[in-house]
Amino acid sequence: LVITLSYKPLKLVIFDPMFAQAIGINVKLWDLLVSFLTVMAIALGVQAVGVVLMSALLIAPATAARYWTRKLGRMLLLAAIFASVAGIVGAFISYTLPKMPTGPWVVAILSFLAVMSVLVGLENGYIRRLWKNYQHTRKMLEENILKCMYHLGEPKQDFFREYTLPQLQERRQIPRKKLVQGIKQLVKKGWVNLTAGGVKFTEGGKEEGKRVVRIHRLWEVYLATYMKLPADHVHDNAEAMEHVITPEIEKELEYQLAYPTEDPHASPIPYRKD
């Protein structure tokens, strides 16, 4: 009840006490309240699980909740739910089975929930991170192939000719197995077509390749203009950033840089037709 009624000032005092003090909140008073609530929780928990296991009861619910959400309100609710479920199930096991202590079973159930959250949590779980890393790696491979094809067609502005696998590998050192895998993914998306001797752009693939090249060169201009980096120091950073810059950031870069026509290496920046 106290946390519900005092949620906003408590959150402010805990996460930004200097700002809370600056706007007139009595930080010492709220710190005292937090300490009082913690002592009360420990005093009650010791009766249920004992002194040693109380540390797990304090930490595990918050740990489990952290892997499901980034919002503090939801995190508090989930932590309370996890702790309640563990308490009920642990007490039920202790009641129904002979010689089963309540405290260890409560902590065991709570530890199980925490481990499962670490593995399958929707926000930051291990499996979720693996899936995100896989998606990002696949996205980088696809965009690198499209960028490579665009670079090959750029000198003569002939973007719809056929490219063989050796040509692509000569331009960019991509292992053949990964290159074939990436091309298959691009075919599924309709960005390239397979030909008798290799691959060639579709209209959509050409525009996507142009987009990646544009973002790369815009970021190089940004680094040279605002970060004052020499031209030979901007490429590697742009290689990484081109895969994570959103359309909103891209538009902001164009506006802040006043729509530059060339990157620091004097290569043209290809803009959208619109």
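The values are calculated or read from the model by the stated rules, or taken from the named source; none is laboratory data. None of these values were measured; they are calculated from a predicted model. As a convention, Cβ positions derive from the backbone with ideal geometry for all residues, glycine included, and neighbour counts pool all protein chains shown. Protein only, heavy atoms only, side chains kept; ligands, DNA and RNA dropped before computing areas. Shrake-Rupley method; radii C 1.70, N 1.55, O 1.52, S 1.80 Å.
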Calculate I(q)/I(0) for region 164-263 by the Debye formula, one identical point scatterer on each C-alpha and no solvent, and give its log10 at q = 0.10 Å⁻¹ to two decimals. -0.35
Heavy-atom surface of region 170-268, accessible at 1.4 Å and reported per residue (Å²): 58 Å²
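Semi-axes of the equivalent ellipsoid for region 227-274, please: Cα gyration tensor eigenvalues, times 5, square-rooted, ordered largest first, whole Å. Intermediate values should be presented prior to the final figure.
Working: eigenvalues 66, 41, 23 Å².
Over the Cα atoms of region 227-274, the semi-axes work out to 18, 14, 11 Å.
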What's the carbon and sulfur percent of the chain's accessible surface, probe 1.4 angstrom, rounded to a whole number? 65 percent
Residue-normalised value, i.e. accessible area per residue, for region 1-151 at 1.4 Å probe, in Å², stands at 64 Å²
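Got the relative contact order for region 1-127 handy, in percent, Cα pairs under 8 Å and 6 or more residues apart? Mind dumping the intermediate values first?
Numbers: 122 pairs, mean separation 28.2, N = 127.
This gives 22 percent for region 1-127.
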Taking the Cα-to-Cβ direction at residue 170 and at residue 154 and moving 7 Å from each Cα, how far apart do the two end points lie in nm? 1.8 nm
Amide N proximity, region 47-72 versus residue 119 label position 7 Å along Cα-to-Cβ, cut-off under 13 Å: none
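First measure r as the distance between the Cβ atoms of residue 11 and residue 128, then evaluate 1/(1 + (r/R0)^6) with R0 = 22 Å and state the FRET efficiency to the nearest 0.05.
Values: r = 26 Å, r/R0 = 1.17.
My answer for the efficiency is 0.30.
Among 191-199, 55-63, how do they line up by average Cβ neighbours within 10 Å per residue, starting with the highest? Can you show the working numbers first?
Values: 191-199: 16.1, 55-63: 18.7.
Ranking the peptides 191-199, 55-63 by packing returns 55-63, 191-199.
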What's the Cα-based Rg to Rh of the chain, Rh via Kirkwood? 1.19
Separation of alpha-carbon centers, region 238-263 and region 139-155, rounded to whole Å: 17 Å
Heavy-atom accessible area of residue 131, protein chains in place, probe 1.4 angstrom, given in Å² to nearest 10, is 130 Å²
Expressed as a whole percent, how much of the Cα-Cα distance distribution for region 195-248 exceeds 19 Å? 40 percent
Name the residue farthest towards the positive end of the dipole of the chain from the options 22, 68, 85, assuming +1 on Cβ of Lys and Arg, -1 on Cβ of Asp and Glu, about the Cα centre. 85
In a GNM of the chain with a 10 Å cut-off on Cα contacts, which of 211, 172, 66 has the highest mean-square fluctuation? 172
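Fully extended, how many nm does the chain gain between residue 255 and residue 4 (0.36 nm per residue separation, minus their Cα-Cα distance)? Kindly include the intermediate steps, with their values, before the conclusion.
Working: separation 251, 0.36 × 251 = 90.36 nm, distance 4.46 nm.
Full extension of this stretch gives 85.9 nm more.
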